[in-house]
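Note sheet for the following structure.
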Amino acid sequence: MNVLSTVGIAPYMIVSGLLFTIGLFGIFAGRKNLIVILMSIELMLLSANLNLIAFSSVFGNLTGQVLVMFSLTVAAAESAIGLAIVMVYYRNRHSVEVQDTTMMKG
């Protein structure tokens, strides 16, 4: 039995919208910290994935779910590389502030 047939798609859309809004707010509110920006981007990607899964389940095809698997793989690689860059930057500069990243030129 499909869970979406009993619950409907509206709660999923509301949760997805809330997650996306929190992520967007996190980018603008925490734009001084690189880690907050990375976490906010991940939150926005997860909200998009939740939408893809909900619509894929409603329409009964697997394309959205396959796309979510691809998106999660790319997001995991992106966050691993981003966190590695932030860690190396923190070791060198002892700061994760965005305004200090202008010194990363060559």
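What trypsin sites (Lys or Arg not before Pro) in segment 34-106 are in a loop by DSSP, with at most 10 other Cβ atoms within 10 Å of the Cβ?
Values: sites: Arg91, Arg93, Lys105; in loops: Lys105.
Filter output for segment 34-106: Lys105.
Report the one residue of Ser40, Tyr90, Ile14 whose Cα lies farthest in the direction of the positive end of the charge dipole of the chain (charges on C-beta: Lys and Arg +1, Asp and Glu -1; origin at the Cα centre).
Of the listed residues, the answer is Tyr90.
May I ask for the angle, rounded to the nearest 10°, between helix 34-59 and the longest principal axis of the chain, with both axes built from Cα atoms and the value confined to 0 to 90°?
Helix 34-59 sits at roughly 10 degrees to that axis.
Ordering Ile9, Ile53 by accessible area with a probe of 1.4 Å, largest first, what comes out?
Working: Ile9 50, Ile53 75 Å².
Correct descending sequence by accessible area is Ile53, Ile9.
Specify the angular offset, from 0 to 90 degrees and rounded to the nearest 10, of the alpha carbon long axis of helix 63-93 from the longest principal axis of the alpha carbons in the chain.
It is inclined by approximately 20 degrees.
How high is the relative contact order of the chain, in percent, counting Cα pairs under 8 Å that sit 6 or more residues apart? Write out the running numbers ahead of the final one.
Working: 86 pairs, mean separation 29.8, N = 106.
Once divided by the residue count of the chain, the mean separation gives 28 percent.
The values are calculated or read from the model by the stated rules, or taken from the named source; none is laboratory data. Source: prediction; values computed, not measured. Neighbour counts are summed over all protein chains in view; Cβ atoms, including those assigned to glycine, are modelled from backbone coordinates with ideal geometry. When the accessible area is computed, the model is the full protein with side chains, heavy atoms only, and any ligands, DNA or RNA have been set aside. Shrake-Rupley method; radii C 1.70, N 1.55, O 1.52, S 1.80 Å.
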